[in-house]
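Everything on this sheet refers to the single structure shown next.
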Amino acid sequence: MDSLLTYISIAAMMVVIPGADTMLLVKNTLSYGSKAGRYTVLGMATGLSFWTLIAILGLSVVIAKSVILFSTIKYLGAAYLIYLGIKSFFTKSVFSLKEIQEQANAPSNSKSLHNKESFMQALLSNVLNPKTVLVYITIMPQFIDLSGNVNQQLFLLAFILTFLAVLWFLTLVYVIDFAKKWLNNSKFQKVFQKSTGILLIGFGVKTGI
C-alpha cells in the first residue's frame, strides 16, 4: 500500500507539472470553448491508453531498445509540437466573449470540426511523445511485484496515471472556462497565443534533443 501511495504521489506530480499537454489544453479551451477542452482531454486519455496497450503487449521495451524506432517517434513528436507552436504563434484570430457565444450557436458541423481537431491534436501529441514510453519502462517497473501478475499491475498503474491526468485537466478546463470573461482582452490574447506558440516550439525542440 505504501508503494502504491508513493506511485500515486509521483504520478500526480508528473501530471500537474505544466507541459505541452497543458499548453494545448489552454489554447483549445480559450479558442473554442470548454467542450473542445474536454475533447482535448479525451485525446490525451486515448493517447495514454494507446501506450498502455503497447506496454502490456511488451512492445514499450522493444521501442526503447530500438534506436531507429525510438528516434523516429521522437522526431515526429518534436516536429508536430513545433508545427502546433508555429501555427499558434502566427495565428491572427483572437477569441472574444461575443465570438464564444457565436460559437455556442454555430452550426453543429463547425463545432464538431473544432472538437475533432482538438481531439486529434491531443491524441497525436501523446502518441508521438517518446517520453511516455520512458514513464512505462523506468518509473512504473519500480512499483511492480514480479512475483505477481505483471500485466494486471501495469494496467492498474497506467489507469491511475490516466485517471489523475483526466481529473487534473478536466479541472483546468473548468477553471479556464470560468476565467474567460476576465481574459477577454485582445492584447492579452495576442501575447498568450504567441507565448503558447513559443512554449510549444520549445517543448518540441526539447523533445527532439
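The values are calculated or read from the model by the stated rules, or taken from the named source; none is laboratory data. What you see is a predicted model, and the numbers here were worked out from it, not measured in a lab. Neighbour counts are summed over all protein chains in view; Cβ atoms, including those assigned to glycine, are modelled from backbone coordinates with ideal geometry.
Spot the failing condition for Gln101; the list is (1) within 30 Å of Asn149 (Cβ to Cβ); (2) at pLDDT below 75, and only one is missed.
(1)
Every residue, every condition in (1) assigned to a helix (DSSP H, G or I); (2) in contact with a Gly (Cβ under 7 Å, 6 or more places away or on another chain); (3) at pLDDT 80 or above; (4) loosely packed, with under 15 Cβ neighbours inside 10 Å, yes or no:
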site	(1), (2), (3), (4)
Lys35	yes, no, yes, no
Arg38	yes, no, yes, no
Gly43	yes, no, yes, no
Thr46	yes, no, yes, no
Thr52	yes, no, yes, no
Ser60	yes, no, no, no
Ile68	yes, no, yes, yes
Leu76	yes, no, no, no
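Residue by residue, here is whether (1) closer than 30 Å to Leu4 by Cβ; (2) surrounded by 14 or more Cβ atoms within 10 Å (Cβ to Cβ); (3) at pLDDT 90 or above holds:
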residue: Leu123; (1), (2), (3): yes, yes, yes
residue: Ile139; (1), (2), (3): yes, yes, no
residue: Ala158; (1), (2), (3): yes, yes, no
residue: Gly202; (1), (2), (3): no, yes, no
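What pairs come out if I take residues in segment 1-29 that are under 17 Å from Ala158 (Cβ atoms) and pair them with residues that are in a loop (DSSP other than H, G, I, E, B) and at pLDDT below 80 whose C-beta lies under 9 Å away, six or more apart or interchain?
These pairs meet every condition: Ser3/Asp145; Asp21/Asn129.
Just a yes or no: is a residue in segment 88-98 among the aliphatic types (A, V, I, L, M), at pLDDT below 70 and part of a helix (DSSP H, G or I)? Give the steps one after another, and end with the answer.
Taking segment 88-98 as the starting set, the residues that turn out to be among the aliphatic types (A, V, I, L, M) are 94, 97.
In the following step, the residues that additionally are at pLDDT below 70 were identified as 94, 97.
Narrowing the set further to residues that are part of a helix (DSSP H, G or I) leaves 97.
Yes, segment 88-98 has at least one match.
Quick one: how many residues across segment 107-121 are over 14 Å from Ser31 (Cβ atoms), in a helix (DSSP H, G or I) and modelled with pLDDT under 85?
3
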